[in-house]
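J.: One structure coming up, written as structure tokens, with questions to follow.
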Amino acid sequence: MSRGNLFVISAPSGAGKSTLLKKLLAKVPHLAFSVSHTTRNPRPGESNGREYHFVDRPTFEGMRDDQAFLEWAEVHGNLYGTSRAAIEAQQAKGIDVFLDIDVQGASQLRDCRHPGAIFLFIAPPSWQELERRLRGRGTDPEETVQLRLNNARREMEDAGCYDYLIINDRLEEAVDTLRAVVIAERCKARRSPDGQPIDWEKVKG
């Protein structure tokens, strides 16, 4: 069976990455979303095993020391990590996995040259639009908004290290572009647009 790809996707807060991924997963078969481990507390409406695997710091650090994470990072005082076993099991089944991580984690994966990893960066159409989106949420105090803006400026400096850059200006166009990337990478791996292996011997006749 053809091994699945690992799509590593990063974006500054406010770029619309989560909405993009939700729409993509609804449109494209044989895609999975990696559920990371984190030490942060669940937010209202979140449940364990869906948005994240919520664990305490000693548990996370034990997993980290046992090399259970493909990558891990500390962001805003909380730890986040990707289960190595879960990713590799899905790839072995021919499923493409989307891994939503920050630029720290993406850098770790580039350094270890994880097989089948493709790196995508989602950016807003302008800095002014990013700031408008962050302030438009109306849920964060000014110091949090400033922290996110400062982080975003640093993160966007790493965009050139990614294989693909997608500007999220018009949502549906950005979703179509993201879908085109998935299909193109599947074709490179001799798989059909829906992710199935191509029987080349049958095609050749």
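J.: Here are 41, 5: which of them is among the polar types (S, T, N, Q) and either touching a His at 6+ places or on another chain (Cβ under 8 Å) or closer than 15 Å to residue 118 by Cβ (or both)?
T.: On the way: 41 fails: either touching a His at 6+ places or on another chain (Cβ under 8 Å) or closer than 15 Å to residue 118 by Cβ (or both).
Unique residue meeting the criteria: 5.
J.: Note down all Cβ pairs under 9 Å where the first residue falls in the stretch 130-150 and is under 17 Å from residue 43 (Cβ atoms) and in contact (Cβ under 8 Å) with a residue 24 or more places away in the chain, the second is buried (at least 16 other Cβ atoms within 10 Å of the Cβ) and among the charged types (D, E, K, R), and they're at least six residues apart or on different chains.
T.: Note: pairs meeting the criteria are 134/148.
J.: In the stretch 51-68, which residues are within 15 Å of the chain's Cα centre (by Cα) and of a type outside the set (Asp, Glu)?
T.: 52, the sole residue that qualifies.
J.: Could you tell me whether the stretch 37-50 includes any residue that is within 28 Å of residue 168 (Cα to Cα), buried (at least 18 other Cβ atoms within 10 Å of the Cβ) and touching a residue at least 24 places away in the same chain (Cβ under 8 Å)?
T.: yes
J.: State yes or no: is residue 87 under 20 Å from residue 19 (Cα atoms) and not aromatic (Phe, Trp, Tyr)? Quick ask: steps written out before the conclusion?
T.: On the way: under 20 Å from residue 19 (Cα atoms): no; not aromatic (Phe, Trp, Tyr): yes.
No; evaluated as a whole, the condition is false for this residue.
J.: How about the stretch 150-203: which of its residues are touching a Ser or Thr at 6+ places or on another chain (Cβ under 8 Å) and surrounded by fewer than 18 Cβ atoms within 10 Å (Cβ to Cβ)?
T.: 151, 158, 161, 171, 189, 190, 197, 198
J.: Within the stretch 132-153, track down each residue that is of a type in the set (D, E, K, R) and at pLDDT below 90.
T.: Within the stretch 132-153, 133, 135, 137, 140, 142, 143, 148 meet the criteria.
J.: Working carefully through the options 66, 111, find the one that is over 28 Å from residue 193 (Cβ atoms), out of contact with any strand residue (DSSP E or B) (no Cβ under 7 Å at 6 or more places or on another chain), modelled with pLDDT of 95 or more and not polar (S, T, N, Q).
T.: So the residue among 66, 111 that is over 28 Å from residue 193 (Cβ atoms), out of contact with any strand residue (DSSP E or B) (no Cβ under 7 Å at 6 or more places or on another chain), modelled with pLDDT of 95 or more and not polar (S, T, N, Q) is 66.
J.: Condition check: over 26 Å from residue 171 (Cα atoms) and buried (at least 16 other Cβ atoms within 10 Å of the Cβ). Does residue 99 satisfy that?
T.: So residue 99 fails the test.
J.: Could you give me the residue pairs with C-beta distances under 6 Å whose first residue belongs to the stretch 88-115 and is at positive phi, whose second residue is assigned to a loop (DSSP other than H, G, I, E, B) wherever it lies, and which are 6+ apart or on separate chains?
T.: 94/1; 94/2; 94/4
The values are calculated or read from the model by the stated rules, or taken from the named source; none is laboratory data. Just so you know, these numbers come straight off a predicted model, no measurement behind them. Here the Cβ is made from the backbone with ideal geometry for all residues, glycine too, and neighbour counts use every protein chain on show.
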